[in-house]
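Each remark here refers to the structure printed beneath this line.
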Amino acid sequence: MENYLNLLYNIFIVDDRYMLLVNGLIFTLGVTFVAAVIGIILGMLLSIMMIADLRPFKSIKSQKLAFLRNFNPVAKIALVYITVIRGTPTVVQLFILANVIFIGSLKNTPIFVTASLAFGLNSAAYVAEIIRAGIQGLDKGQLEAARALGMSYKLSMRVVVIPQAVKKIMPALVSEFIVLLKETSVVSMIGGVDLTFAAKSIISVTYRAAEPWIVVALIYLALITIFTYFMRKIEKRLRESD
Amino acid sequence: MIKISNLHKSFGDLHVLKGIDLQVNQGDIIAIIGPSGSGKSTLLHCINKLEEPTVGHIFIDNEDIMSPECNINAVRQKVGMVFQHFNLFPHKKVIENITLAPILVKKVPEMYALQMAEKLLKKVGLEEKADVYPSKLSGGQKQRIAIARALAMEPEVILFDEPTSALDPEMIKEVLDVMKDLAKEGMTMLIVTHEMGFAKNVANRLLFMDGGKIVEDTDPKTFFENPKSERAKEFLDKVLNK
């Protein structure tokens, strides 16, 4: 037992190697947080693009051009974006951003920025679908009732539709951010110094693989357990009216 | 107060309303009956433009709601609506359901809106339910609250879209009683219903619709005792001798 504690001491404490984990944790959390913010903002924007009924040629009279009446370019753009993002692996997107797009004068962009952007752009597509499904999945009668009372579309969305949609969306959104947190573990492939990078670094000098990986796994597990705990509390409060 | 001329409504290739002409006068209590798919509900939804009419004109207090200059939100304040599935706002307490539109749309001071809501709750016999959420109410109670919510906007006319069709049989009466009271007070009402007894005893006019047209527009007594059209006879035979 004492021997094993000694071993752990050698693996994690000597030469302040635990600092690798601490810094890795900060990097992982930082990338996840920035990516989540990008994901939510861009995701909301994309979902609005899909929901808003923007058909510029709606009132076209010509029968020849009738097919343009239902043409909604804004929604199309959002749809293409989501299809591309969801249709390709995150790691591939990460490599493309780092090695194909961020080159030349952008070559010196910090990896933190590249990674946050890559995961944020990726997450946005999933968030957009979650929000869209939440809003469109809401009983159509809710919007009808609000509009029938004389509320404008905007007001109806703000006080009737969105508050209910948020409640429905929360669990799926929480899942999405759990996935996001774990997905950032591939960031060391483009040189990110996250938790998995820390594990690899420790392994390369101590030649012990089991302990670093298990510790990293426990850190992820702890993070997600804490996050889930607080989200459950929030959800419970939102469910008050059910 | 409502004048409809040559109203058509198509959903894609489906031609639902095929030329409706109708004049509604102040104090009219109009029961609209007919087989399902005859366009009764669609007609109601067109009157407050929850459905966009395809062709035709609808005048409410001499304002053409089909005109691009028409402010439909202002018109809808004059036209209340009660839905088959109630469409109460589940995230708002009963009292908030009633005061929401008066406060946000009509800009009624909150104090006054609350007083009015309490009065309306008393009117529908549910003053003790002010602070509960709709999920705690029975179907009949929900519909009575929905009527109170419509009344809170002080509309000139109320559209009832099958108000008792989603109710358990023992709850139908409590809703019809509230509607009878409204009728006595002189409220103008258009009621799509399958309650033949109610149509006969409370309405002063009866519209029989079939195939997207108004087939008969007469007083209820004449209609039930002496229907003119073959289709009305068939319909009555089916619903009265089941």
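The values are calculated or read from the model by the stated rules, or taken from the named source; none is laboratory data. Because the structure is a prediction, the values reported are computed rather than measured. Glycine gets a Cβ as well: all are built from the backbone with ideal geometry, and neighbour counts include every protein chain shown.
Inspect all residues belonging to the range B:37-58 and state whether any of them is farther than 22 Å from residue B:189 by Cα and of a type outside the set (Gly, Ala, Ser).
Checked the range B:37-58: at least one residue is farther than 22 Å from residue B:189 by Cα and of a type outside the set (Gly, Ala, Ser).
For the list (1) surrounded by 19 or more Cβ atoms within 10 Å (Cβ to Cβ); (2) part of a strand (DSSP E or B); (3) not acidic (Asp, Glu), I need the number of the one condition that residue B:59 fails.
(1)
For the range B:127-155, how many residues meet the condition of being part of a helix (DSSP H, G or I) and among the aliphatic types (A, V, I, L, M)? I'd like the intermediate steps shown before the answer.
Taking the range B:127-155 first, the residues part of a helix (DSSP H, G or I) are B:127-129, B:134-136, B:139-151.
Pick out the ones that are also among the aliphatic types (A, V, I, L, M) and you get B:145-148, B:150-151.
Number of matching residues: 6.
Need the failing condition index for residue B:68 against (1) within 13 Å of chain A (Cβ to nearest Cβ); (2) modelled with pLDDT of 90 or more, just the number.
(2)
Would you confirm, using the coordinates I've provided, whether residue A:169 is under 29 Å from residue B:44 (Cβ atoms), away from every other protein chain (no Cβ under 12 Å) and either modelled with pLDDT under 95 or not in a loop (DSSP other than H, G, I, E, B) (or both)?
Answer is no for this residue.
Collect the residues in the range B:14-56 that are within 21 Å of residue B:219 (Cα to Cα), crowded, with 21+ Cβ neighbours inside 10 Å and over 13 Å from the mean Cα position of the chain (by Cα), keeping them in residue-number order.
B:20, B:34, B:38, B:39
Yes/no per residue for (1) at the interface with another protein chain (Cβ under 10 Å from one of its Cβ atoms); (2) surrounded by fewer than 19 Cβ atoms within 10 Å (Cβ to Cβ); (3) touching a residue at least 12 places away in the same chain (Cβ under 8 Å):
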residue	(1), (2), (3)
A:147	yes, no, no
A:163	yes, yes, no
A:174	no, yes, yes
A:177	no, no, yes
A:184	no, no, yes
A:187	no, no, yes
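Could you check how many residues of the range A:120-143 are in a helix (DSSP H, G or I) and either under 15 Å from residue A:191 (Cα atoms) or over 20 Å from the mean Cα position of the chain (by Cα) (or both)?
Initial filter on the range A:120-143 (in a helix (DSSP H, G or I)): A:120-136, A:140-143.
Checking which are either under 15 Å from residue A:191 (Cα atoms) or over 20 Å from the mean Cα position of the chain (by Cα) (or both) leaves us with A:136, A:140-143.
So the count comes out to 5.
Scan the range A:224-242 and report the pairs whose first residue is closer than 15 Å to residue A:177 by Cα and whose second residue is loosely packed, with under 10 Cβ neighbours inside 10 Å, with Cβ atoms within less than 7 Å and a gap of 6+ or a chain change.
Final answer for the pair search is none.
Kindly indicate the residue of the range A:149-160 that is crowded, with 21+ Cβ neighbours inside 10 Å and not small (Gly, Ala, Ser) and also nearest to the other protein chains (Cβ to nearest Cβ) among those meeting that condition.
Restricting to residues being crowded, with 21+ Cβ neighbours inside 10 Å and not small (Gly, Ala, Ser), the top hit is A:149.
Looking only at the range B:42-65, how many residues end up being more than 14 Å from every other protein chain (Cβ to nearest Cβ) and either of a type in the set (Phe, Trp, Tyr) or closer than 23 Å to residue B:194 by Cα (or both)?
Count: 2.
Answer yes if at least one residue in the range B:202-221 is of a type outside the set (Phe, Trp, Tyr) and more than 22 Å from the chain's Cα centre (by Cα), and no otherwise. Before the answer, list the steps.
Quick first cut of the range B:202-221, residues of a type outside the set (Phe, Trp, Tyr) only: B:202-207, B:209-221.
Among the residues that remain, those that are also more than 22 Å from the chain's Cα centre (by Cα) are: none.
No; the residues of the range B:202-221 include none that is of a type outside the set (Phe, Trp, Tyr) and more than 22 Å from the chain's Cα centre (by Cα).
Which one of B:39, B:34 is more than 9 Å from chain A (Cβ to nearest Cβ), in contact with a Phe, Trp or Tyr (Cβ under 7 Å, 6 or more places away or on another chain) and over 19 Å from residue B:151 (Cα atoms)?
That would be B:34, the only listed residue that is more than 9 Å from chain A (Cβ to nearest Cβ), in contact with a Phe, Trp or Tyr (Cβ under 7 Å, 6 or more places away or on another chain) and over 19 Å from residue B:151 (Cα atoms).
Matching residues to (1) within 14 Å of another protein chain (Cβ to nearest Cβ); (2) surrounded by fewer than 19 Cβ atoms within 10 Å (Cβ to Cβ); (3) closer than 30 Å to residue B:153 by Cβ:
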residue: A:99; (1), (2), (3): no, yes, no
residue: A:112; (1), (2), (3): no, yes, no
residue: A:119; (1), (2), (3): no, no, no
residue: A:126; (1), (2), (3): no, no, no
residue: A:131; (1), (2), (3): no, no, no
residue: A:134; (1), (2), (3): yes, no, yes
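Would you check if residue A:208 is more than 30 Å from residue B:76 (Cβ to Cβ), part of a loop (DSSP other than H, G, I, E, B) and out of contact with any Gly (no Cβ under 7 Å at 6 or more places or on another chain)? Don't jump to the end; show me each part of the working.
Working: more than 30 Å from residue B:76 (Cβ to Cβ): yes; part of a loop (DSSP other than H, G, I, E, B): yes; out of contact with any Gly (no Cβ under 7 Å at 6 or more places or on another chain): yes.
It is true that residue A:208 is more than 30 Å from residue B:76 (Cβ to Cβ), part of a loop (DSSP other than H, G, I, E, B) and out of contact with any Gly (no Cβ under 7 Å at 6 or more places or on another chain).
Only one of B:75, B:105, B:82, B:24 is within 14 Å of chain A (Cβ to nearest Cβ) and in contact with a Ser or Thr (Cβ under 9 Å, 6 or more places away or on another chain). Can you tell me which? Let's see the steps before the verdict.
Working: B:75 fails: in contact with a Ser or Thr (Cβ under 9 Å, 6 or more places away or on another chain); B:82 fails: in contact with a Ser or Thr (Cβ under 9 Å, 6 or more places away or on another chain); B:24 fails: within 14 Å of chain A (Cβ to nearest Cβ).
Criteria check complete, one pass: B:105.
Failed condition for residue A:68, given (1) more than 14 Å from chain B (Cβ to nearest Cβ); (2) modelled with pLDDT of 95 or more; (3) within 28 Å of residue B:65 (Cα to Cα), with all others met?
(2)
Output the number of the condition that residue B:231 fails; it satisfies all remaining conditions of (1) surrounded by fewer than 21 Cβ atoms within 10 Å (Cβ to Cβ); (2) not in a helix (DSSP H, G or I).
Against the list (1) surrounded by fewer than 21 Cβ atoms within 10 Å (Cβ to Cβ); (2) not in a helix (DSSP H, G or I), residue B:231 comes up short only on (2).
Collect the residues in the range B:67-101 that are over 26 Å from residue B:167 (Cβ atoms) and within 20 Å of the chain's Cα centre (by Cα), keeping them in residue-number order. Walk me through how you get there before you give the answer.
Of all residues in the range B:67-101, those over 26 Å from residue B:167 (Cβ atoms) come to B:67-75, B:77-78.
B:72, B:73, B:74, B:75, B:77, B:78 - these are the residues of the range B:67-101 that are over 26 Å from residue B:167 (Cβ atoms) and within 20 Å of the chain's Cα centre (by Cα).
Regarding residue B:131, is this residue surrounded by fewer than 18 Cβ atoms within 10 Å (Cβ to Cβ), within 20 Å of the chain's Cα centre (by Cα), touching a residue at least 24 places away in the same chain (Cβ under 8 Å) and away from every other protein chain (no Cβ under 11 Å)?
Numbers: surrounded by fewer than 18 Cβ atoms within 10 Å (Cβ to Cβ): yes; within 20 Å of the chain's Cα centre (by Cα): no; touching a residue at least 24 places away in the same chain (Cβ under 8 Å): yes; away from every other protein chain (no Cβ under 11 Å): yes.
In short, no.
Would you mind telling me which numbered condition in (1) part of a helix (DSSP H, G or I); (2) within 22 Å of the chain's Cα centre (by Cα); (3) at pLDDT below 95 residue A:237 fails?
The number of the failed condition is (2).
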